[in-house]
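*Asks:* Below you will find the structure I want to go over with you.
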Amino acid sequence: MDLVFINGLEVEAVIGVYDWEREIRQPLVIDLELGWDIRRAAAEDNLQATLDYAAISQRVLDWVGASQFLLVEALAEELAHLIQAEFAVPWLRVRVTKPGAVAAARGGVGVQIERGVRPA
Ligand SMILES: Nc1nc2c(c(=O)[nH]1)N=C([C@H](O)[C@@H](O)CO)CN2
């Protein structure tokens, strides 16, 4: 299966379960792997035949930036639904990292989910 990927998308949002977290914006990092057969786009050298990573990145930045979830789980799930619905992606992997949540976890903490049917 081919992939279009977006790595390290940085965006701030209201996210967290504690009262103090509802009053600030915190950094998140979004990584996406989007299943897509890129052969037609490659053969035609045509953006219309593939997933436009720039357009998807902008949509994700706008949507996550306006979101106010408690859990990173909820954000990841709703983001996966949105991308599948708006961009007709058959399968995707969404990783949401909350870099500052656990100071000792230098690589951040978060969740990763896969949704949809992964083509062979
Ligand atoms: N699995 C999760 N655990 C925790 C989450 C979360 O979203 N998913 N959130 C918090 C707090 O909001 C935390 O980030 C504050 O530092 C705790 N655990």
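What follows is calculated from the coordinates using simple rules that are stated; it is not laboratory data. Owing to the predicted nature of the structure, the values given are computational and were not obtained by experimental measurement. Methodologically, a virtual Cβ is constructed for each residue, glycine included, from the backbone with ideal geometry; neighbour enumeration extends over all protein chains shown.
*Asks:* Roughly what angle does helix 72-87 make with the longest principal axis of the chain, taking Cα atoms, 0 to 90 degrees, to the nearest 10?
*Replies:* Long axis of 72-87 versus the principal axis of the chain: about 30 degrees.
*Asks:* Next up: Taking other Cβ within 10 Å of each residue's Cβ, how do ILE24, ILE113, ILE56 sort, fewest first?
*Replies:* Final ranking by Cβ density, sparse to dense: ILE24, ILE113, ILE56.
*Asks:* Work out how much length GLU73 to ALA88 would gain on full extension: take 0.36 nm times their residue separation and subtract the Cα-Cα distance, in nm to one decimal.
*Replies:* Gain on stretching GLU73 to ALA88: 3.2 nm.
*Asks:* Here is a further query. Add +1 for every Lys or Arg and -1 for every Asp or Glu among the other residues with Cβ under 15 Å from the Cβ of LEU75, and state the total.
*Replies:* Once all neighbours under 15 Å are counted, the net charge is -1.
*Asks:* If the convex hull of the alpha-carbon atoms of the chain is projected onto planes in all directions, what is the mean projected area in square nanometres?
*Replies:* Averaged projected area of the chain's Cα convex hull equals 7.6 nm².
*Asks:* Here is a follow-up. So how many Å³ per residue does the convex hull of the Cα atoms of segment 74-120 work out to?
*Replies:* So the per-residue Cα hull volume is 75 Å³.
*Asks:* Just to confirm the number: angle between the C-alpha axis of helix 53-66 and the first principal axis of the chain, 0 to 90 degrees, nearest 10?
*Replies:* Rounded to the nearest ten degrees, it is 20.
*Asks:* With a 10 Å Cβ neighbour count serving as the proxy for reagent exposure, in which order, fewest first, do VAL17, VAL11 appear?
*Replies:* Final ranking by Cβ density, sparse to dense: VAL17, VAL11.
*Asks:* Taking only C-alpha pairs under 8 Å that are 6+ residues apart, what is the relative contact order of segment 3-116 in percent?
*Replies:* Rounded, it is 28 percent for segment 3-116.
*Asks:* Subtract the Cα-Cα distance of ALA103 and ASP2 from 0.36 nm times their separation in residues, and report this length gain in nm to one decimal.
*Replies:* 32.8 nm
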